[in-house]
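Working notes for the structure below.
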């Protein structure tokens, strides 16, 4: 007969915590590039919409996180597209099985299987894998970026998943691209951008060019998104789909 204490000990030995016990985890083959797209409360939802399309179209694993205000701005600025459908999602896994997302993806030229590279995390989930540098994302873009988010990331404040994921990029020396969308800019805004640049982030302001003779709002959006892709430095995004300045004379 065993004592009560030994029974308790046996139960403790048999218990495994899947977070702490690595033997409880199944080995996985993660994609080489895993990009977080943080969508914050600045105007410019089109940039995020086009960036996510670009990443998925190139087969890049894409993690999307909306701030609360970011989701509201998306609903205000975009009536159709992948991003508003994604902002309304409650499911976090197997997004490719959702009819609304399938329809939205098809409307913008994405195949249903390309949605399998898409993941959605709630901004309050600081337990998400992208909140850790050990096995999270490899790249991140905050697009568009509000001045409040800019200030908090520049000063190391990680009160939500967007801020924590960006902090991880900086501490791990991984590419962090931020797309501020504000005008005019105060001295505080400019100083925060300097601080982030000194910490290793790449500032890509939402400033479209006009030398390519744009004929639509999307043309202007794509210009900025292609510059974001340049800054991310992901090989499969190397093909610039827009118009480069005076390239014929290179």
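The values are calculated or read from the model by the stated rules, or taken from the named source; none is laboratory data. Keep in mind that what you see is a predicted model, and the values were worked out from it rather than measured. All Cβ positions, glycine included, derive from the backbone under ideal geometry; neighbour counts span all protein chains shown.
Key figures
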quantity	calculated
Residue match in the stretch 181-192 (condition: modelled with pLDDT of 95 or more and farther than 22 Å from residue 41 by Cβ)	no
The stretch 175-200: number of residues that are more than 13 Å from residue 145 (Cα to Cα) and either in contact with a strand residue (DSSP E or B) (Cβ under 8 Å, 6 or more places away or on another chain) or assigned to a helix (DSSP H, G or I) (or both)	11
Criterion violated by residue 46 - all others in (1) closer than 24 Å to residue 238 by Cβ; (2) surrounded by fewer than 20 Cβ atoms within 10 Å (Cβ to Cβ) satisfied	(2)
Selection count where residues are within 21 Å of residue 122 (Cα to Cα) and in a loop (DSSP other than H, G, I, E, B), scope the stretch 92-112	4
Selection from the stretch 113-130 of residues that are surrounded by fewer than 20 Cβ atoms within 10 Å (Cβ to Cβ) and within 14 Å of residue 170 (Cα to Cα)	none
Filter result (touching a residue at least 40 places away in the same chain (Cβ under 8 Å) and farther than 22 Å from residue 225 by Cβ) within the stretch 134-151	135, 136, 148, 151
Test: residue 203 is in contact with a helix residue (DSSP H, G or I) (Cβ under 8 Å, 6 or more places away or on another chain) and surrounded by fewer than 13 Cβ atoms within 10 Å (Cβ to Cβ)	no
Scope the stretch 131-151; condition surrounded by 15 or more Cβ atoms within 10 Å (Cβ to Cβ), touching a helix residue (DSSP H, G or I) at 6+ places or on another chain (Cβ under 8 Å) and outside any helix (DSSP H, G or I); matching residues	132, 133, 136, 137, 139, 140, 141, 142, 143, 144, 146
Failed item in (1) touching a helix residue (DSSP H, G or I) at 6+ places or on another chain (Cβ under 8 Å); (2) under 28 Å from residue 119 (Cβ atoms); (3) free of Cβ contacts under 8 Å to residues at least 24 places away in the same chain, with residue 214 passing the rest	(2)
Residue in the stretch 63-73 that is modelled with pLDDT of 95 or more, surrounded by 15 or more Cβ atoms within 10 Å (Cβ to Cβ), touching a helix residue (DSSP H, G or I) at 6+ places or on another chain (Cβ under 7 Å) and in a helix (DSSP H, G or I) present	yes
Members of the stretch 152-174 that are surrounded by fewer than 21 Cβ atoms within 10 Å (Cβ to Cβ) and either touching a residue at least 40 places away in the same chain (Cβ under 8 Å) or outside any helix (DSSP H, G or I) (or both)	155, 156, 157, 158, 159, 172, 173, 174
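Residue-by-condition table, conditions (1) more than 14 Å from the chain's Cα centre (by Cα); (2) closer than 19 Å to residue 218 by Cβ; (3) without any contact (Cβ under 8 Å) to a residue 24 or more places away in the chain:
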site: 53; (1), (2), (3): no, yes, no
site: 57; (1), (2), (3): yes, yes, no
site: 86; (1), (2), (3): no, yes, no
site: 102; (1), (2), (3): yes, no, yes
site: 117; (1), (2), (3): no, no, no
site: 121; (1), (2), (3): no, no, no
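Conditions tested, residue by residue: (1) in contact with a strand residue (DSSP E or B) (Cβ under 9 Å, 6 or more places away or on another chain); (2) under 26 Å from residue 197 (Cβ atoms).
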site	(1), (2)
110	no, no
119	yes, no
123	yes, yes
130	yes, yes
139	yes, yes
149	yes, yes
156	no, yes
159	no, yes
